[in-house]
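Notes to accompany the following structure.
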Amino acid sequence: MLQSETVRSSRKPKRGLLRLRQEIPSGIFSAAGLVVPILLLLSWWLVTSLGVVRPLFLPSPMAVLMEGWRQVQEGILFADASVSIYRIVIGWLAATAVAVPIGILMGNYRLIEGGLEPLISTVRYMPIVALIPLSILWAGIGDTQKILILFLGTFFQQSLMIMDNVKNIDMNLIRAGQTLGFSNSEILRRIILPAASPGIWDTFRITIGWTWTYLVVAELVAASEGLGRRIMDAQRYLATDTILFGTLFIGVLGLLTDYLFKKTGQSLFRWNSQTR
């Protein structure tokens with residue numbers, strides 16, 4: 001009897017913060033996200049304070065903050081940020097406007113998938129940097145060229161991810177719609193799209209992050225302003241404090257964008273447990 005109780009007790013899941021898929025208090029969850037950045041910041045400060053690394057290679061956190069404050073005072077930061085955000089938004093929206101219908105069609109019709117998927121899968125592996133000379137020939141050196149680079153860096157991956165979002169819908173739902181006599185367009189509108197919407201929204205959230213990563217590449221050539229251009233100019237003069245600040249600032253803007261998409265998804269799809 002005692003042995004059986006011992007076996008049953010050993011099979012009970014252990015309580016703690018590291019159980020698989022176990023919910024934890026929101027305060028602990030938020031605090032955990034601050035621990036690693038704080039430790040990295042302290043390590044950065046310690047290394048630079050002790051002179052382990054020369055400032056040319058790794059400026060101190062204070063030097064980076066002072067560089068950011070200088071850009072704020074001179075009006076450089078907000079001018080560059082507004083230009084870059086405009087390019088990000090337009091480039092991502094253009095890619096999304098084309099990728100969504102193509103991804104939905106590929107996910108629902110095998111013929112369209114067979115015709116487009118091999119080409120899209122091939123192009124998405126091509127380095128975007130190599131396409132900069134062509135983009136200049138096609139679109140000049142203005143904002144259109146930068147937006148085109150952001151479009152190319154986002155569209156191909158996004159269309160394939162949306163295709164997968166649609167294909168992962170349970171076939172039983174589609175068969176239920178067919179049993180009820182729904183037409184193909186009704187099944188698409190009333191069953192497939194609502195069921196795939198949370199996954200598609202997550203795809204939006206991920207791909208706009210990729211668009212941010214292509215910003216420096218997009219502003220690499222013939223850009224007079226922008227966060228990426230500021231970083232490239234600083235590279236010429238070995239201004240590592242400007243490079244680090246610009247990189248961290250882009251990361252913060254990307255994090256805010258991700259947070260906005262996450263909270264919006266939780267509000268739009270409260271019925272879906274994966275968006276909580």
**Prompt:** Are any residues in the range 195-227 of a type in the set (Ser, Thr, Tyr) and either assigned to a loop (DSSP other than H, G, I, E, B) or on the phi > 0 side of the Ramachandran plot (or both), and if so, which ones?
**Reply:** 214, 224
**Request:** Go through the range 221-276 and count every residue that is crowded, with 17+ Cβ neighbours inside 10 Å and over 23 Å from residue 147 (Cβ atoms).
**Result:** 11
**Message:** For the structure I just gave you, tell me whether residue 260 is over 28 Å from residue 55 (Cβ atoms) and aliphatic (A, V, I, L, M).
**Reply:** yes
**Of all residues in the range 149-188 being closer than 13 Å to residue 101 by Cα and among the β-branched types (Val, Ile, Thr), the one that is surrounded by the fewest Cβ atoms within 10 Å (Cβ to Cβ)** = 166
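Which one of these is of a type in the set (Asp, Glu) and within 23 Å of residue 101 (Cα to Cα): 202, 233, 241?
Numbers: 233 fails: within 23 Å of residue 101 (Cα to Cα); 241 fails: within 23 Å of residue 101 (Cα to Cα).
Only one candidate passes the filter, namely 202.
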**Complete:** Screening 253, 248, 260 for residues that are within 14 Å of residue 83 (Cα to Cα), assigned to a helix (DSSP H, G or I), under 19 Å from the mean Cα position of the chain (by Cα) and modelled with pLDDT of 90 or more leaves only 253
**Prompt:** Limited to the range 111-148, what total is found for residues that are within 26 Å of residue 171 (Cα to Cα), loosely packed, with under 11 Cβ neighbours inside 10 Å and not hydrophobic (A, V, I, L, M, F, W, C)?
**Reply:** 2
**From the options 42, 65, 56, 34, residue that is under 25 Å from residue 246 (Cβ atoms), assigned to a helix (DSSP H, G or I) and either modelled with pLDDT under 90 or in contact with a strand residue (DSSP E or B) (Cβ under 6 Å, 6 or more places away or on another chain) (or both)** = 34
**Message:** Exactly one condition in (1) of a type in the set (Ser, Thr, Tyr); (2) surrounded by 20 or more Cβ atoms within 10 Å (Cβ to Cβ); (3) at pLDDT 90 or above is false for residue 214; which is it?
**Reply:** (3)
**Request:** From 224, 159, grab the single residue that is among the small types (Gly, Ala, Ser) and free of Cβ contacts under 8 Å to residues at least 12 places away in the same chain.
**Result:** 224
**Request:** Would you check which residues across the range 196-227 are of a type in the set (Val, Ile, Thr) and in contact with a Ser or Thr (Cβ under 8 Å, 6 or more places away or on another chain) and list them?
**Result:** 207, 208, 211
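The values are calculated or read from the model by the stated rules, or taken from the named source; none is laboratory data. The structure displayed is predicted, hence computed values, not measured ones. For neighbour counting, all protein chains shown are included, and Cβ atoms are generated from backbone atoms with ideal geometry for every residue, glycine included.
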